[in-house]
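As structure tokens, the structure follows; a few thoughts come after it.
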Amino acid sequence: NDPEASALELGRRRPGRVVVVGAGASGCLVASDGRVVHEPAPDLAEPVMDTNGAGDNLAAGFLVARLLDGLSLERAVRRAQIGARWICSRRGDAKSPITRSRLDVLERGTA
């Protein structure tokens with residue numbers, strides 16, 4: 001299964017929509033307007049401990065940044081990936097979403 005082709009197909013089925021597909025340590029794919037862009041994963045200092053919850057954080061982070069905060073597509077994807085990467089740096093039994101203030105700090109450091 002080709003993630004890029006899948007993202008494009010999902011985008012074609014729902015014109016005008018944005019499709020964000022997590023790609024783990026490689027970052028994510030963003031399909032919009034008939035094209036796919038690969039967005040590399042942010043480099044954070046914390047080591048990866050557990051990837052459980054990364055996809056949920058990517059999706060929720062993107063929706064909050066794009067729909068509630070009204071950020072650009074690029075910035076919403078960057079913030080979503082930072083949140084997903086953050087959750088990977090937490091033990092499975094100690095997961096807690098990133099705070100907005102910490103996200104702001106990390107975003108400034110990865111921009």
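The values are calculated or read from the model by the stated rules, or taken from the named source; none is laboratory data. Predicted model only: the values in this text are computed from it and were never measured. Positions of Cβ are backbone-derived with ideal geometry, glycine not excepted, and every protein chain shown enters the neighbour counts. Remember, those area values only see protein heavy atoms, side chains included, never the ligands or the DNA or RNA. Shrake-Rupley method; radii C 1.70, N 1.55, O 1.52, S 1.80 Å.
All conditions in (1) aliphatic (A, V, I, L, M); (2) in contact with a Cys (Cβ under 7 Å, 6 or more places away or on another chain); (3) under 21 Å from ASN1 (Cα atoms) hold for VAL48, with the sole exception of (3).
Sub-9 Å Cβ pairs linking a first residue in the range 25-40 that is without any contact (Cβ under 8 Å) to a residue 12 or more places away in the chain and on the phi < 0 side of the Ramachandran plot to a second residue that is in a strand (DSSP E or B) and buried (at least 16 other Cβ atoms within 10 Å of the Cβ), at least 6 apart or interchain, are VAL37/LEU29; VAL37/VAL30; VAL37/ALA31, ordered by first then second residue. Only a single criterion out of (1) at pLDDT below 90; (2) part of a loop (DSSP other than H, G, I, E, B) is not satisfied by ARG12, namely (2).
Is there a residue being modelled with pLDDT under 95, assigned to a loop (DSSP other than H, G, I, E, B) and closer than 17 Å to ARG17 by Cα anywhere in the range 38-58? No, the range 38-58 has no match at all. If I ask for residues that are within 19 Å of LEU63 (Cβ to Cβ), in a strand (DSSP E or B) and either at pLDDT below 90 or of a type in the set (A, V, I, L, M) (or both), which ones from the range 15-37 would you list? Across the range 15-37, the qualifying residues are VAL19, VAL20, VAL21, LEU29, VAL30, ALA31, VAL37. Please go through (1) open to solvent by 50 Å² or more (accessible area, probe 1.4 Å); (2) over 16 Å from VAL19 (Cα atoms) for VAL64 and return the number of the only condition it doesn't satisfy. Here VAL64 meets the rest and fails (2). Tell me, yes or no, whether the range 81-96 has at least one residue that is without any contact (Cβ under 8 Å) to a residue 24 or more places away in the chain, surrounded by fewer than 21 Cβ atoms within 10 Å (Cβ to Cβ), touching a helix residue (DSSP H, G or I) at 6+ places or on another chain (Cβ under 8 Å) and not in a loop (DSSP other than H, G, I, E, B). No. Of all the criteria given as (1) among the polar types (S, T, N, Q); (2) over 30 Å from GLU9 (Cβ atoms); (3) surrounded by 17 or more Cβ atoms within 10 Å (Cβ to Cβ), the one not satisfied by ASN57 is (2).
The sole residue among VAL64, VAL77, VAL48 that is β-branched (Val, Ile, Thr) and in contact with a strand residue (DSSP E or B) (Cβ under 9 Å, 6 or more places away or on another chain) is VAL77.
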